[in-house]
Amino acid sequence: MNPKLKSALRVLAVVLAVHLVLGALVPRVAGHSLRNWGRGLTEVAFIVPSVLILIGLFDVWVPKEVVARHLGRSSGLRGILLALLLGTGAAGPIYAAFPIGVTLLEKGARLANLVIFLGAWATIKLPMLMMESAFLGTRFAMLRLVLTLPGIIACGFLVEFLMSGQAADPPPSPGDCCPATRPIPAPPTAPCRPWKPPETWPSTGTRIPAAPPARSTPSPPQAASTSATGKPISKKS
Amino acid sequence: MFSLFLLATALGGLAVSGVRDRERTRAALRLALRSGLGLLPGLLAVTAGISLTLAAVPPRAIAALFQSHGVSGFLLLAGVGALMTSPGPVTYPLAASLHRMGASLPALASFITTLTMVGTLTAPMEIRAFGRRFTLLRQALSLALALLVGALMGVLL
């Protein structure tokens with residue numbers, strides 16, 4: 001069985017076991033929690049698949065070069081605005097934004113813009129702003145927006161600055177985090193990672209496998225080797 | 001409503017992509033499926049953790065805690081917000097009911113900001129995606145930002 005599916009099932013089993021024990025002790029809380037969980041999962045089921053499909057399409061159709069140009073080192077103010085726009089236009093809790101962020105990074109977005117994107121996604125979405133006004137007053141919502149917006153942008157550049165201090169250090173130990181973090185400490189002299197000549201990428205085989213192992217697999221060395229062979233593609237045809 | 005719009009966009013994009021290039025569309029779907037499977041354990045665990053916390057700690061108990069004004073109530077709200085992560089549709093009604101029960105608006109501003117931006121429960125997922133150092137930096141700075149926003153709103157409101 002697929003190892004990821006297996007660990008998902010394991011999580012499911014643990015959660016159900018916890019609720020069984022809880023149900024024996026305090027049935028009311030267990031029931032309430034299960035109902036909450038159902039509601040949360042329904043929300044996730046409505047949002048996440050669409051987001052994943054859009055990410056997949058984005059990954060396949062939008063070349064690295066374009067992302068690097070619009071969100072990369074030299075993107076400037078336009079990049080910040082685009083990151084804000086990308087974040088505010090989407091739906092779902094912040095953990096739905098993580099895989100999108102990974103894709104953006106892999107395609108050459110700069111770190112500051114990633115943080116801005118995540119922050120915008122979290123707190124200043126347009127539909128949420130309307131809801132905030134309805135519940136807590138327009139003055140409250142507007143004031144919070146005006147104060148948060150520059151803060152998020154400042155956070156982005158601070159994180160990038162503080163992370164770049166690590167650029168000289170060797171990449172983090174494998175198993176500590178996924179390969180997706182490796183592009184982060186790129187030296188400032190290289191605005192984006194080496195870009196292969198255009199004739200290589202239309203054949204999907206070379207680039208498709210590069211993305212997915214980065215998101216999930218806990219053991220990067222193995223993941224990298226399987227992706228290099230392009231196994232997922234050849235298996236299909 | 002918004003999720004329907006999202007679904008329509010995804011399906012529309014898929015259709016256009018399928019007409020333009022079938023092989024590439026198939027690759028996109030494979031990617032979506034694979035990252036979905038990778039996301040599944042984390043999503044299951046996070047939603048379970050949040051719903052359990054919300055069930056075990058009823059809103060009324062939270063409100064009773066936060067009726068204290070001043071710095072302690074302020075920090076308490078920000079701290080609870082930093083621990084949990086909840087989507088907007090859950091956050092705003094909760095904040096409104098806390099306000100009715102006596103929590104101050106500036107404290108709620110930092111509560112909302114930490115609740116949506118900082119999440120100890122979602123940190124493992126973020127670490128897996130972007131690394132530990134990035135996650136710590138981003139969350140620490142966001143927490144500082146949330147406190148600052150709350151304090152400024154206390155002055156301005």
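Which of the residues spanning region B:109-146 are facing chain A (nearest Cβ under 9 Å), within 20 Å of A:Phe140 (Cα to Cα) and touching a residue at least 40 places away in the same chain (Cβ under 8 Å)?
B:Ala109, B:Ala146
Restricted to region B:131-149, and to residues that are in contact with a Ser or Thr (Cβ under 6 Å, 6 or more places away or on another chain) and open to solvent by less than 20 Å² (accessible area, probe 1.4 Å), which residue is nearest to A:Pro93 (Cα to Cα)?
Here the answer is B:Ala146.
Specify which of the listed residues (A:Val21, A:Val15, A:Val48, A:Val29) is more than 16 Å from B:Ala55 (Cβ to Cβ) and aliphatic (A, V, I, L, M).
Matching residue, one of A:Val21, A:Val15, A:Val48, A:Val29: A:Val48.
Could you count how many residues in region A:39-61 are at pLDDT 80 or above and open to solvent by 30 Å² or more (accessible area, probe 1.4 Å)?
So the answer is 9.
Determine, yes or no, whether A:Ala112 is buried (at least 17 other Cβ atoms within 10 Å of the Cβ), among the aliphatic types (A, V, I, L, M), more than 8 Å from chain B (Cβ to nearest Cβ) and in contact with an Asp or Glu (Cβ under 6 Å, 6 or more places away or on another chain). Walk me through it before giving the result.
Values: buried (at least 17 other Cβ atoms within 10 Å of the Cβ): yes; among the aliphatic types (A, V, I, L, M): yes; more than 8 Å from chain B (Cβ to nearest Cβ): yes; in contact with an Asp or Glu (Cβ under 6 Å, 6 or more places away or on another chain): yes.
Considered against the rule, which asks whether it is buried (at least 17 other Cβ atoms within 10 Å of the Cβ), among the aliphatic types (A, V, I, L, M), more than 8 Å from chain B (Cβ to nearest Cβ) and in contact with an Asp or Glu (Cβ under 6 Å, 6 or more places away or on another chain), A:Ala112 comes out as yes.
I'd like to verify a number: residues in region A:100-120 that are part of a helix (DSSP H, G or I) and more than 15 Å from A:Val159 (Cβ to Cβ), how many?
4
Could you please let me know if B:Arg34 is open to solvent by 60 Å² or more (accessible area, probe 1.4 Å), more than 7 Å from chain A (Cβ to nearest Cβ) and not polar (S, T, N, Q)?
Numbers: open to solvent by 60 Å² or more (accessible area, probe 1.4 Å): yes; more than 7 Å from chain A (Cβ to nearest Cβ): no; not polar (S, T, N, Q): yes.
No.
When you scan region A:75-85, do you find a residue that is open to solvent by less than 40 Å² (accessible area, probe 1.4 Å), within 28 Å of B:Val155 (Cβ to Cβ) and assigned to a helix (DSSP H, G or I), even just one?
Step one: filter region A:75-85 for residues open to solvent by less than 40 Å² (accessible area, probe 1.4 Å), giving A:75-76, A:79-80, A:83-84.
Then drop every residue that is not within 28 Å of B:Val155 (Cβ to Cβ), which leaves A:80, A:84.
Now narrow it down to the ones that are assigned to a helix (DSSP H, G or I): A:80, A:84.
For region A:75-85, residues open to solvent by less than 40 Å² (accessible area, probe 1.4 Å), within 28 Å of B:Val155 (Cβ to Cβ) and assigned to a helix (DSSP H, G or I): present.
Conditions tested, residue by residue: (1) touching a residue at least 40 places away in the same chain (Cβ under 8 Å); (2) assigned to a helix (DSSP H, G or I); (3) within 23 Å of B:Ala15 (Cα to Cα).
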| position | (1), (2), (3) |
| --- | --- |
| A:Val18 | no, yes, no |
| A:Val21 | no, yes, no |
| A:Val29 | no, yes, no |
| A:Gly40 | no, yes, no |
| A:Leu54 | no, yes, yes |
| A:Val60 | yes, yes, yes |
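Is it the case that region A:117-125 has a residue that's of a type in the set (Lys, Arg) and modelled with pLDDT under 90?
Initially, region A:117-125 is screened for residues of a type in the set (Lys, Arg), giving A:125.
Now narrow it down to the ones that are modelled with pLDDT under 90: A:125.
Yes, region A:117-125 has at least one match.
Can you tell me which residues in region A:4-23 are exposed (fewer than 12 other Cβ atoms within 10 Å of the Cβ) and among the charged types (D, E, K, R)?
A:Lys6
Can you find, within region A:119-147, the residue that is farthest from A:Val48 (Cα to Cα) among those that are more than 7 Å from every other protein chain (Cβ to nearest Cβ) and within 14 Å of the chain's Cα centre (by Cα)?
Step one: of region A:119-147, the residues more than 7 Å from every other protein chain (Cβ to nearest Cβ) are A:120-121, A:124, A:126, A:129-130, A:133-134, A:137-139, A:141-142, A:145-146.
So of that shortlist, the ones also within 14 Å of the chain's Cα centre (by Cα) come out as A:120-121.
On the way: A:Ala120: 18, A:Trp121: 14 Å.
Applying the filter and picking the extreme gives A:Ala120.
What is the residue count in region B:10-29 for residues that are open to solvent by 20 Å² or more (accessible area, probe 1.4 Å), of a type outside the set (A, V, I, L, M, F, W, C) and either within 7 Å of chain A (Cβ to nearest Cβ) or not in a helix (DSSP H, G or I) (or both)?
Let us first name the residues in region B:10-29 that are open to solvent by 20 Å² or more (accessible area, probe 1.4 Å), namely B:11-16, B:18-24, B:26, B:29.
Retained after the next criterion (residues that are of a type outside the set (A, V, I, L, M, F, W, C)): B:12-13, B:18, B:20-24, B:26.
When the remaining residues are screened for being either within 7 Å of chain A (Cβ to nearest Cβ) or not in a helix (DSSP H, G or I) (or both), the result is B:13, B:21, B:23-24.
The qualifying residues number 4.
In region B:117-128, which residue that is part of a helix (DSSP H, G or I) and open to solvent by 10 Å² or more (accessible area, probe 1.4 Å) is modelled with the highest pLDDT? Give the derivation first.
Quick first cut of region B:117-128, residues part of a helix (DSSP H, G or I) only: B:117, B:123-128.
Narrowing the set further to residues that are open to solvent by 10 Å² or more (accessible area, probe 1.4 Å) leaves B:123-125, B:127-128.
Values: B:Ala123: 89, B:Pro124: 87, B:Met125: 87, B:Ile127: 92, B:Arg128: 89.
The residue in question is B:Ile127.
Considering A:Ala13, A:Ala97, which residue is in contact with a Phe, Trp or Tyr (Cβ under 6 Å, 6 or more places away or on another chain), assigned to a helix (DSSP H, G or I) and within 12 Å of chain B (Cβ to nearest Cβ)?
A:Ala97
Inspect all residues belonging to region B:69-76 and state whether any of them is over 18 Å from A:Asp59 (Cα atoms), buried (at least 19 other Cβ atoms within 10 Å of the Cβ), modelled with pLDDT of 80 or more and more than 7 Å from every other protein chain (Cβ to nearest Cβ).
First pass over region B:69-76, keeping only residues over 18 Å from A:Asp59 (Cα atoms): B:69-76.
Remaining after also requiring buried (at least 19 other Cβ atoms within 10 Å of the Cβ): B:74.
Within this subset, residues satisfying the condition of being modelled with pLDDT of 80 or more are B:74.
Remaining after also requiring more than 7 Å from every other protein chain (Cβ to nearest Cβ): B:74.
Yes, region B:69-76 has at least one match.
Consider only pairs whose beta carbons are under 6 Å apart and that are at least six residues apart or on different chains; among these, list those whose first residue lies in region B:90-105 and is open to solvent by 10 Å² or more (accessible area, probe 1.4 Å) and whose second residue is not in a helix (DSSP H, G or I).
B:Gly102/B:Gln67; B:Ser104/B:His69; B:Leu105/B:Leu157
The values are calculated or read from the model by the stated rules, or taken from the named source; none is laboratory data. Keep in mind that this is a model prediction, so the values were computed, not measured. Here the Cβ is made from the backbone with ideal geometry for all residues, glycine too, and neighbour counts use every protein chain on show. Ligands, DNA and RNA are excluded from the accessible area calculation, which covers all protein heavy atoms including side chains. Shrake-Rupley method; radii C 1.70, N 1.55, O 1.52, S 1.80 Å.
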